[in-house]
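Working notes for the structure below.
The values are calculated or read from the model by the stated rules, or taken from the named source; none is laboratory data. Here the structure is a predicted model, which means the values were calculated and not measured. Glycine gets a Cβ as well: all are built from the backbone with ideal geometry, and neighbour counts include every protein chain shown.
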DNA sequence: GGAGGATATCGACGATTGTCGATGTTCAGT
DNA sequence: ACTGAACATCGACAATCGTCGATATCCTCC
């Protein structure tokens, strides 16, 4: 069975669909599939909150321990959401000691935004 | 059972979450829920293709009969997706004779885009 | 008013998703 | 080495989603 999470180590799929303005010409099947995968990663309340918390932290990075309590979900669930966001290219992960720090990929949201509206 | 489609006649939820830059400050639970609903409407290959076909038609509108064959799905399924897009505020529906024409709401995508990146 | 065409709704089905508890893994300090 | 802490993975479960065929609704034209 092929699950979405198998693309985890692709290190971000946001940039792969490039410069195809949604409103200008019809999307191909592949373009639509790619963009849908990226948007699906964003289309969840918990992930949106996690992303916004990371984005508004100093250095635009935060460790998992600081994210669990604000979103009010279990640690495995938070870990899962962070993995999805990372696989989609919105976050990067770096481990320092026992802690895992997730940092925002600044251009990622902008690229999605550019795909929706014209470039 | 409460389904997502019961909000069909809300005539668009895109504008309701206003001016909350995702990257500036953490989203509240309600803001995240709203934005997630809107993004979920977008996060499907078939709907993205339908939206882009409508958007790139003359007058940015198209009737259902012209949409079925390009996306390669059954008529009920296309109808369903158009309803979701309309409920989310990306399309409007107007019936002329036997035909139903769906037209792009031009500002809708821009508002979502503005929510993702800074205003 | 009956027939046929365009679209919407309904009911059902398999597939995917979000969530959790339990467990595994890796690292720091003693 | 052992313990405890931080995080990831696993397996399971309920809920949601995308899709279809069948059917209902609405309109036009003869």
Query raised in the report: Scanning for something at the interface with chain A (Cβ under 9 Å from one of its Cβ atoms) and either under 22 Å from residue A:43 (Cα atoms) or modelled with pLDDT of 95 or more (or both), does region B:59-70 turn up at least one residue?
Result: yes
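Can you tell me which residues in region A:40-49 are more than 7 Å from chain B (Cβ to nearest Cβ) and either within 14 Å of residue B:44 (Cβ to Cβ) or within 12 Å of DNA strand D (Cβ to nearest atom) (or both)? Let's see the steps before the verdict.
In the first step, residues of region A:40-49 are kept if they are more than 7 Å from chain B (Cβ to nearest Cβ); the result is A:41, A:46-47.
Hit for region A:40-49 is A:41, nothing else.
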Query raised in the report: Which condition number in (1) in contact (Cβ under 8 Å) with a residue 24 or more places away in the chain; (2) closer than 11 Å to residue A:50 by Cβ; (3) within 12 Å of DNA strand C (Cβ to nearest atom) is the one that residue A:102 fails?
Result: (3)
**Report entry** Meets criteria (in a helix (DSSP H, G or I), modelled with pLDDT of 95 or more and either over 12 Å from the mean Cα position of the chain (by Cα) or farther than 17 Å from residue B:115 by Cβ (or both)) for residue A:6
**Finding:** no
Query raised in the report: Of the residues in region A:53-74, how many are over 13 Å from residue B:27 (Cα atoms) and more than 16 Å from DNA strand C (Cβ to nearest atom)?
Result: 6
Query raised in the report: Applying the selection to region A:25-39, what residues are within 10 Å of DNA strand C (Cβ to nearest atom) and either more than 7 Å from chain B (Cβ to nearest Cβ) or touching a residue at least 40 places away in the same chain (Cβ under 8 Å) (or both)?
Result: A:37
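So, of the residues in region B:71-84 that are over 16 Å from the mean Cα position of the chain (by Cα) and within 14 Å of chain A (Cβ to nearest Cβ), which turns out to be nearest to residue B:103 (Cα to Cα)?
First pass over region B:71-84, keeping only residues over 16 Å from the mean Cα position of the chain (by Cα): B:71-76.
Imposing the further condition that a residue be within 14 Å of chain A (Cβ to nearest Cβ) reduces the set to B:71-73.
Numbers: B:71: 17, B:72: 20, B:73: 20 Å.
Per the stated criteria, the residue is B:71.
Taking the criterion of being within 12 Å of chain A (Cβ to nearest Cβ) and either buried (at least 18 other Cβ atoms within 10 Å of the Cβ) or modelled with pLDDT of 95 or more (or both), would at least one residue in region B:93-103 satisfy it?
no
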Report summary line: Selection over region B:51-109 where residues are touching a strand residue (DSSP E or B) at 6+ places or on another chain (Cβ under 9 Å) and at positive phi yields a count of 2
